[in-house]
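Participant: So that we are looking at the same thing, I have put the structure below in structure tokens.
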Amino acid sequence: MNLTPAQRSNFFPLTAWGYPLWRARSLTWLAGEPFGLAREARLFLGLCRPHAGERWLDVGTSTGFYAGVLARAGCRVVAADLSPAMLHAAARREPRPQIEWVQTNVEETGWRTASFDGVVVGATLNETADPARLLGECARLLRPGGKLWLMFVPRTGGPLQGLLARLGGLTFPDLSAVETALPGGAIVHARRAGAVQFALFVRGNG
């Protein structure tokens, strides 16, 4: 498995221990305005409107933020991550029976097509070496009419992003590249908050 340095860093227990502290503050720093987890959850729930009983996939769950939001909405969640350390920390933070914690690479799951009502991808899109491959697999796993929620840092071309790409293997796709990588549907909502891009893709019924 070809992992970026950023992905490999998530295997360290210390990274998993400290990640919730970063996650709780990161959007405020990136957006340049107060943007805590509660606001992020409200934005997600208001636009995606997950219903109780639906089956969702949380890609790169890390310590389980979106998995917990979905479980509290009554959804069944497959929370996937490459890192056993992250999954262990997530299961401690969100000990909910609706969540199934799975160690896997979502770029190549082999899971049945159209097996989820919704998919959520947080900043994992920036950590993968091949965003188009990850997005294509997410679209394949969605049922017709299913929703894909994305949160990522898009490309600006600035020197800091160039440094992070070289040292951490991070990628910064722009919204048009994301939409091109998502077949069979359309982005129906897109919103920027400073350096953070949110987008909602809905798979077509055809």
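Participant: Label point 7 Å out from residue 2 along Cα-to-Cβ: which residues of segment 117-137 have amide N under 14 Å?
Facilitator: 128-134
Participant: Here's a follow-up. Local charge sum around residue 175 (other residues, Cβ-Cβ under 11 Å, Lys/Arg +1, Asp/Glu -1)?
Facilitator: Its environment carries a net charge of +1.
Participant: Just report the Cα centroid separation between segment 23-79 and segment 89-165, whole Å.
Facilitator: 12
Participant: With springs only between Cα atoms under 10 Å, which of 59, 120, 178 fluctuates most in a Gaussian network model of the chain?
Facilitator: Comparing 59, 120, 178 in a Gaussian network model of the chain, the most mobile one is 178.
Participant: Oh, and also: Summing +1 for each Lys or Arg and -1 for each Asp or Glu, what net charge is found among the other residues whose Cβ lies under 14 Å from the Cβ of residue 3?
Facilitator: The answer is -3.
Participant: How large a share of the accessible area of the chain, in percent, is made up of carbon and sulfur atoms when the probe is 1.4 Å and the other protein chains stay in place?
Facilitator: So the carbon and sulfur contribution to the accessible surface is 58 percent.
Participant: Taking the chain as a Gaussian network, Cα atoms linked when under 10 Å apart, which of 164, 150, 57 shows the biggest mean-square fluctuation?
Facilitator: Its mean-square fluctuation being the largest, the pick is 164.
Participant: Shifting gears a bit: Grab the eigenvalues of the alpha-carbon gyration tensor for segment 1-76, scale each by 5, take roots, and send me the semi-axes largest first in whole angstrom.
Facilitator: 24, 18, 11
Participant: What fraction of the DSSP beta bridges in the chain is antiparallel, stated in percent and rounded to the nearest 5?
Facilitator: Around 40 percent of the beta bridges assigned by DSSP in the chain are antiparallel ones.
Participant: Let me ask something else about it. Given the options 154, 97, 144, state which has the largest fluctuation in a GNM of the chain using a 10 Å cut-off (strictly under) for Cα springs.
Facilitator: 97
The values are calculated or read from the model by the stated rules, or taken from the named source; none is laboratory data. Since the structure is predicted, the reported quantities are computational estimates derived from the model, not experimental observations. Don't worry about glycine lacking a Cβ; one is built from the backbone with ideal geometry, like all the others, and counts go over all protein chains shown. Areas reflect the complete protein model, heavy atoms only, side chains present, ligands, DNA and RNA absent. Shrake-Rupley method; radii C 1.70, N 1.55, O 1.52, S 1.80 Å.
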